Amino acid sequence: MSRSAHPAGPRYADVLPEGHYHAPPADLNALDPKVWSHTVTRTDDGVVSVGGIEVTRLAEEFGTPAYVLDETDFRARARAWRTAFGTDADVFYAGKAFLSRAVVRWLHEEGLNLDVCSGGELTTALSAGMPAERIAFHGNNKSEDEIRRAVEAGVGRIVLDSFQEIVRVAHIAQSLGTRQKVQIRITVGVEAHTHEFIATAHEDQKFGVPLAGGQAAEAVRRALQLDGLELIGIHSHIGSQIFDMSGFEVAAHRVVGLLKDIRDEHGIELPEIDLGGGLGIAYTSDDDPREPHEIAKALTEIVTRECEAAKLRTPRISVEPGRAIVGPTAFTLYEVGTIKPLDGLRTYVSVDGGMSDNIRTALYDAEYSVALVSRTSDAEPMLARVVGKHCESGDIVVRDAFLPADLAPGDLIAVPATGAYCRSMASNYNHVLRPPVVAVNDGEARVIVRRETEEDLLRLDVG
């Protein structure tokens, strides 16, 4: 929905027209398994349980708000991706979605590789024992210090994002007496979002070297001439929250076309192709994500078909699911604070978190589900907007949802599918403390990222 400008900023209410939102669900107490992690259920007394632990116990022990991460579900999804692609392909978990040392250990144990895009993510990965050769280092503006640390550590690949970076990585690698394996990220003129893709105008972005105008071909020429680099493949990423494989098909066709040009000009066939990530998850019941085995089959068939047509050996495929693994495995647990009914409009439900723990709704109108989880209710549904405690009218967690009309202060509600990007993008706006990440598994719960304290804030404030 488009929004009109307002002299003071975004419109305060942004009231939806009648019929814009969906009808309330038949059962407000139901939990759609597409949206919630696999071990989430309601107990006989109506309280939601995850990993065998009731959310009321989690709130009592760890406080709210809190990110609750289902370790069993995370591991199962990681294994599903690893199994789907088999031993002839590589699965790199995109650490930007959510990274902690516990997650790194889970990934290592489940046989996944790891994609990092900053010195901090690299340090976290190495400190938790991820073998450096299973790490890919990404990013559009890596510092010389970050590159040096990555090369010294022996990362398996660095994804080159610009002409300057080609020279920078080559110089650092040569100064350290090594050849660094690299891929070149190209922009192929395809941008995929959800169920549609377009093929115009989006070379206008900060990532990658454009295929258009011969720039990608020139980047390959320069990389092949430098002794400090070993060019192993081409990298492409076409968007986020993708459900349709059509965009990948167009992208693969263009990437394989570049591989063919490289063979014809340089007499070599690059052994790898990375198709990036961006695979979608279900934030609401309307979303219909594809399973890892379906994605693996589709991508493998697309690349194989394109390579056969170009008379190329099929390169080793890499993919980078991040959100698709961690997104559905977590929910954010909140306590209801105030409730404000606005006659003829909606009811505002304020929780003890907000945009500091989930900026996605305010940032790009992300949609979420929400449920009352500390009890069941037979009350009528009310149209609600779940908002936070911050001094911004745009501090919205769930823009429009139906909750029971008897919702009261002190109730616990939960927003599912918050495993990706919520903690990674969390802030201290209004000096609000970032929540903990609590991992649950088979009746046990433990903190893997602790809640911030006011002492943490003051420790950084050296003034």
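Quick notes on this one:
- Of all residues making up region 157-188, the number that are open to solvent by less than 60 Å² (accessible area, probe 1.4 Å) and either in a helix (DSSP H, G or I) or within 16 Å of Ile232 (Cβ to Cβ) (or both): 19
- Only one entry of Thr300, Thr347, Thr361, Thr338 meets the criterion of being under 19 Å from Phe98 (Cβ atoms) and polar (S, T, N, Q), and that entry is Thr361.
- Yes/no for Val15 being in contact with a Leu (Cβ under 7 Å, 6 or more places away or on another chain) and modelled with pLDDT under 95: yes
- Extreme residue, nearest to Ser236 (Cα to Cα), among residues of region 272-313 that are of a type in the set (D, E, K, R) and buried (at least 21 other Cβ atoms within 10 Å of the Cβ): Asp274
- Scan of region 363-380 for residues that are modelled with pLDDT of 95 or more and not in a loop (DSSP other than H, G, I, E, B), ordered by number: Ala371, Leu372
- Test: residue in region 328-344 that is part of a loop (DSSP other than H, G, I, E, B) and more than 14 Å from the chain's Cα centre (by Cα): yes
- The number of residues in region 261-271 that are open to solvent by 30 Å² or more (accessible area, probe 1.4 Å) and under 22 Å from Arg157 (Cβ atoms) comes to 6.
- Where a residue in region 112-129 is more than 10 Å from Ala94 (Cα to Cα) and its partner, wherever it lies, is at pLDDT below 95, with Cβ under 8 Å and at least six apart: Ser118/Gly139
- For the criterion of being at pLDDT 95 or above, among the hydrophobic types (A, V, I, L, M, F, W, C) and part of a strand (DSSP E or B), Leu383 passes.
- Among the conditions (1) more than 21 Å from Glu60 (Cβ to Cβ); (2) among the basic types (Lys, Arg); (3) surrounded by fewer than 20 Cβ atoms within 10 Å (Cβ to Cβ), Arg375 misses just one, which is (1).
- Subset of region 387-430 [part of a loop (DSSP other than H, G, I, E, B) and of a type in the set (Gly, Ala, Ser)]: Gly388, Ser393, Gly394, Ala405, Ala408, Gly410, Ala417, Gly419, Ala420, Ser424, Ala426, Ser427
- The set of residues in region 50-59 being within 25 Å of Arg105 (Cα to Cα) and open to solvent by less than 40 Å² (accessible area, probe 1.4 Å) consists of Val50, Gly51, Ile53, Leu58.
- Of all residues in region 135-156 being open to solvent by less than 10 Å² (accessible area, probe 1.4 Å) and not aliphatic (A, V, I, L, M), the one that is nearest to Ile232 (Cα to Cα): Phe137
- Hits in region 218-236 (condition: open to solvent by 60 Å² or more (accessible area, probe 1.4 Å) and part of a strand (DSSP E or B)): Glu230
- Of residues in region 430-463 being in contact with a strand residue (DSSP E or B) (Cβ under 9 Å, 6 or more places away or on another chain) and of a type in the set (A, V, I, L, M, F, W, C), the one most open to solvent (accessible area, probe 1.4 Å): Val447
- Of all residues in region 60-100, those that are open to solvent by 30 Å² or more (accessible area, probe 1.4 Å) and either part of a strand (DSSP E or B) or among the acidic types (Asp, Glu) (or both) total 3.
- Filtering region 300-326 to residues that are out of contact with any Lys or Arg (no Cβ under 9 Å at 6 or more places or on another chain) and in a loop (DSSP other than H, G, I, E, B) leaves Arg313, Thr314, Pro315, Glu320.
- Scanning region 317-348 for residues that are touching a residue at least 24 places away in the same chain (Cβ under 8 Å), closer than 20 Å to Ala408 by Cα and either crowded, with 20+ Cβ neighbours inside 10 Å or among the acidic types (Asp, Glu) (or both) gives Thr332, Leu333, Tyr334, Glu335, Val336, Arg346.
- Here Leu114 qualifies as at pLDDT 95 or above, open to solvent by less than 10 Å² (accessible area, probe 1.4 Å), within 28 Å of Asp357 (Cα to Cα) and part of a strand (DSSP E or B).
The values are calculated or read from the model by the stated rules, or taken from the named source; none is laboratory data. Just so it is clear, the structure is predicted and the values come from calculations on it, not from any experiment. Every residue, glycine among them, receives a Cβ derived from its backbone with ideal geometry; neighbour counts consider all protein chains shown. Each accessible area value is taken on the protein alone, full model and side chains, heavy atoms only, with ligands, DNA and RNA left out. Shrake-Rupley method; radii C 1.70, N 1.55, O 1.52, S 1.80 Å.
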